[in-house]
Amino acid sequence: MTRAQTEQACILAADHITKSFTTPEGAPLAVLDDINFKLREGEIVALLGKSGSGKSTLLRCLAGLIAPTSGRALYRDAPVVAANPGVAMVFQTFALLPWLTVRQNVELGLEARDVPPAERRDRAERAIDLIGLDGFESAYPKELSGGMRQRVGFARALVVEPDALFMDEPFSALDVLTAENLRTELLALWAHEGFPTRAMLIVTHNIEEAVLLADRVLVLSSNPGRIRAELAVDLERPRDRRTASFEALVDEIYGIMTGRAEERPAVAPVAAAQPSPIDEPMPTATVGGMAGLLEILLARGGKEDLPALADDLMFEVDDLLPLVDGATLLGFATVDNADLQITDDGREFVIADILTTKELFARKAAERAPLVRAINNALAASMDGNLPEAFFLDILRRGFSDEEARHQLDIAIDWGRYGELYEYDANTGQLRREHRAPEPEQDPVDA
Amino acid sequence: MRQSFPTRDVWRRPRLRLVDLLVGGAIFVLLYGLLRVGLTVTHPFVPGHTQASISTDPAELPYYALRSLTRMFIALGLSVTFTFVYGTAAARSRRAEKVLIPLLDILQSVPILGFLTITVTFFIALFPHSIVGLEMASIFAIFTSQAWNMTFSFYHSLITQPRDLDEAARLMRLTKWERFWRLDVPGSMIGLVWNGMMSFGGGWFFLTASEAITVNKRSYALPGIGSYVAAASARSELGRVLLAIAVMIIMVLGVNFVFWRPLVAWSEKFRNEQSEAAEQPRSIALDTLRRSRVPGLIARPVRPIAALLDRLTRPFGIADRPLVANVARRRAGDALFGIAVAVVIALGSSSALRYIADNVGLGAFAHAFGLGAITFARVIVVVAVSTLVWVPVGVKIGMSPRLARYAQPIVQVLASFPANFLFPFFAAFLIATGISLNWGGIVLMALGAQWYILFNTIAGAMSIPSDLREAMDNFGVRGWQRWRRLIIPGIFPAYVTGGITAAGGAWNASIVAELVTYGHHVLVAKGLGSYIALSTANGQFAKTLTGIVVMSIYVVGLNHLLWRRLYRLAETRYSL
């Protein structure tokens, strides 16, 4: 875009934004860590990251909906201390008021600004036409399809002529074709001369979407969210997904996002140097999901390009990456430069009969997944092979929020159950060692 | 309709904490304060303005019914206003929430009829020379039976507002006023209308009880259908009681048809699911109204007024909160606020206790607790027997869609019908057979309370998905096994809600059920209810205060020790 090329005035800025929540144990838990970036006039910026990277939190800090723990958000050089007046937002869930018609929903923001009724009607009419909603003015949101609802979301945001348009995963609740259609129309509006909005900031977990829309892509890392990479997208518009340069960029970003968390602050290199359950969280992956992924991988010769795999499976990063993380954590696959490669163990895991598969899984999980290992060891060390879940939750709460601690334990329970390492009784909240569980190898004192 | 009554969120409570004790103390103090104010002014009634009883001429009945209906609607208006103010304050101010919510919890559990004496004294003192005081006391009694459920429902929808809607409203910079009417009220409309309708039904009972009342050896009666029944009962005119029952049924059905049913159907448009509900409640009255030109005629003058109000309220500011708060100052404010509240309550409690100690001695508490145990036993029997009788019936009805369609409106009317209209018949029966009210009181208490169990069981049974039932059929799960594995777990959440409400209703009813007059007979059952009722009639206010406090402790204690646990179990394990 020609508009983005020259150095333009800065609309919004994140100035050393850090956001942390307090864990139930009282320790701060960082979601965003020292984020700095600027949104300039004339550009579209995409914030890309896995779930848990705090990208929505960052968007909300800049929109003035939540306060950063330290650092500040600036709008036109003034600190943001309340809902940002220069920002309109499009929500993943549309966030339309179901009891208002399309027109009333669109007019609401103008009413709040005390625009006189005649002008209000006029402007709403124009926004509705612009976004292709004419004829639906008096419909209620529940009568519309998802795509049409999101159009109302766009019309409502654009009618107030915001300085910056924020989009929080705007297309991820829509089906593939509708999403593609809306993206194209959004870009057409953006290219239009009289478009009043000066910049757009989109949060997404879809790599292709980011490359398709943005002039700049910021890749956030997870736990805590940091800007891991910043990439300028200099491809000519309209962009074609099938060109080599497009694919190369997508591959590059895949590589960045699947790379193991390299630049983690060096934990003091203690003797064993095994990561604790807090340093290395459990990926949100089910055993069935990982098995399915490995099976497909094997069927394709044991090696496949991740973007291609995701594309064929109609998956997005958020769905696929946890499975990839899980498989690599267990040593069933390795990732190299956006290529997923199955290992010998992974091959056996797919081919072997159910009992062998379970044994292999149990051995690998107890060895390589820190939380599973910690539970297994603690149960083996306990008097009767019984421990209350509260014991593990307490430990996890040192590094996770209440909810996330529960989530981590639930995954570990799921893995442990599959591997028949331990049993869990939901009524009493007790974890119990399975009789056939293999003895842990190393020192049973962990965590 | 599959909703339980009250809606389930109404009984969602946090654990009992220290602040609850504080708040309990606050209510104690408040009651005592009202009582003191009432006692200091001892103007006698001007004869001719109020009567001890009213005529039982059937020709007067339509007029009386209209007067009663007016009271009901005034109370409803007050309840809605109260709900908006109180619910908003509790949901929007962190500091207010800490006090208001436990306060509401206890208010909801306090026996409203015990209140009545104190409020009557208070309102009569306020308006010593007219009937207005009595009117207000009656309206207040109805109000207290309606408001709490509605307020809880409103508060709960405010704090569970979808986050994205909240964010959208803030980014659009809606003013406080706009946000309230465009987001807060519509978003809670369904729960508000439902709880309002059902509480309104419950209100008839309190209307009946509050229109004719004896305080401090003096009887008062307001023109109304409730006092008509009381008068007819005092003169042993059972035929006229029957007549009043007929009028009452017509009134309940009529209000339902022209007011609540249309409102329920209309409120459907506020449903937040972005898809159509499977079964839309319909109302003939609403359809007729919608087809007429009336809505347009009403809307035309209202629109500019609404626009004007939008502009006038603009100076109140935008519905946003500052992002950064001064933590130290907030803490200091909290501490100051807490200390101030605690000091006031401590001072008030000590003087209230002294009042009780001076008049009846603190031993009265022990005595009242003993009597409370007897009433408690009655409540247990009421709940247990109602459960044994109505759960199988309710399940039968709820499992059959055809039956449920006819039965649920009928049960709703039965629940609305004030049970105290039937007391004269039972009193006559007890006198004729010589059965003691100690046993008969149980039946009287059950007359009103049982319907909540039936109603909620039906709602629960209807909510069991048909595929689960088909699966059980398919695997031949029948008889006791089917009850244990499917039906009881399936109806459990709705049943718990019904059980809490029925038990609360039974406690309340004990105040009128343990002391019954018919003709020249006065029947008394030993218990906390009659203790409160007798001390009220004899003007022993210290005893009344003691009785109410003890009954509140029973109800609140049971809610937290028993019902809240069952409720949590229902939420975590048995929610479908």
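A short reminder: the numbers here are calculations on the coordinates, not readings from a lab. Worth saying up front: this structure is predicted, and the values here are computed from it rather than measured. With ideal geometry, Cβ positions are generated from the backbone for all residues, glycine too; neighbour counts draw on all protein chains shown.
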(request) Anything over 32 Å Cα to Cα? Flag those among B:98/B:396; B:98/B:176; A:303/A:364, in the order listed. (result) B:98/B:396
(request) For every other residue with a beta carbon closer than 11 angstrom to the beta carbon of residue A:81, add +1 if it is Lys or Arg and -1 if Asp or Glu, then tell me the sum. (result) +1
(request) Using the Karplus curve 6.51 cos²θ - 1.76 cosθ + 1.60 with θ = phi - 60°, work out ³J(HN,Hα) for each residue of segment A:146-154 in order, rounded to whole Hz, and write x for Gly and Pro. (result) x, x, 5, 4, 5, 4, 4, x, 5
(request) Just the ratio, please: alpha-carbon radius of gyration of the protein assembly as shown over 2.2 N^0.38 Å, N its number of residues. (result) 1.10
(request) Would you mind counting up the charge near residue A:339? Only other residues with Cβ under 14 Å from its Cβ, with Lys and Arg at +1 and Asp and Glu at -1. (result) -4
(message) Compute, for segment A:276-447, the length of the dipole vector about the Cα centre, with Cβ point charges of +1 (Lys, Arg) and -1 (Asp, Glu) only. Units Debye, rounded to 20.
(response) 440 debye
(request) Just rank A:148, A:383, fewest to most, by other beta-carbon atoms within 10 angstrom. (result) A:383, A:148
(request) Using the number of other C-beta atoms within 10 angstrom as an exposure proxy, rank A:367, B:514, B:178, A:119 with the fewest first. (result) A:119, A:367, B:178, B:514
(request) Express in whole angstrom the spacing between the alpha-carbon centres of segment B:71-103 and segment A:8-51. (result) 39 Å
(request) For segment B:263-272, take each phi angle, set θ = phi - 60°, evaluate the Karplus expression 6.51 cos²θ - 1.76 cosθ + 1.60, and give the result in whole Hz per residue in order, putting x for glycine and proline. (result) 5, 4, 5, 5, 5, 4, 5, 9, 5, 8
(message) Give me log10 I(q)/I(0) at q = 0.15, 0.16, 0.17 Å⁻¹ for segment A:2-258, Debye formula, one equal scatterer per alpha-carbon, no solvent.
(response) -1.12, -1.25, -1.38
(message) Quick check: convex hull over the Cα atoms of chain B, volume per residue in Å³, rounded to an integer?
(response) 183 Å³
(request) Return the long-range amide H neighbours of residue A:423 (sequence gap of 5 or more, or a different chain), with a cut-off of under 5 Å between placed amide H atoms. (result) A:432, A:433, A:434
(message) Using a Förster radius of 22 Å, what is the FRET efficiency between residue A:9 and residue A:193 based on their Cβ-Cβ separation? Nearest 0.05, please.
(response) 0.70
(message) Check which residues have an amide H placed less than 5 Å from residue B:523's amide H, if you skip close sequence neighbours.
(response) B:516, B:517, B:518
(message) Quick check on the exposure proxy: order B:151, A:22, A:328 from fewest to most C-beta atoms within 10 angstrom.
(response) A:22, A:328, B:151
(request) Just the number, please: Stokes-Einstein D of segment A:276-447 in µm²/s, Kirkwood Rh from C-alpha pairs, 37 °C, 0.692 mPa s. (result) 198 µm²/s
(message) Net charge within 10 Å of residue A:417 by Cβ-Cβ distance, Lys/Arg positive one each and Asp/Glu negative one each, not counting residue A:417 itself?
(response) -4
(message) Using amide H atoms built in the peptide plane, which far-off residues or other-chain residues are under 5 Å from residue B:173 H to H?
(response) none
(request) Quick one: divide the alpha-carbon radius of gyration of segment B:361-576 by 2.2 N^0.38 Å and tell me what you get. (result) 1.16
(message) On C-alpha positions alone, give me the angle between the axis of helix A:317-329 and the longest principal axis of chain A, in degrees, nearest 10.
(response) 20 degrees
(message) I'd like the Karplus ³J(HN,Hα) series for segment A:130-137: coefficients 6.51, -1.76, 1.60, θ = phi - 60°, whole numbers in Hz, and an x wherever there's a Gly or Pro.
(response) 4, 8, x, 10, 4, x, 9, 3
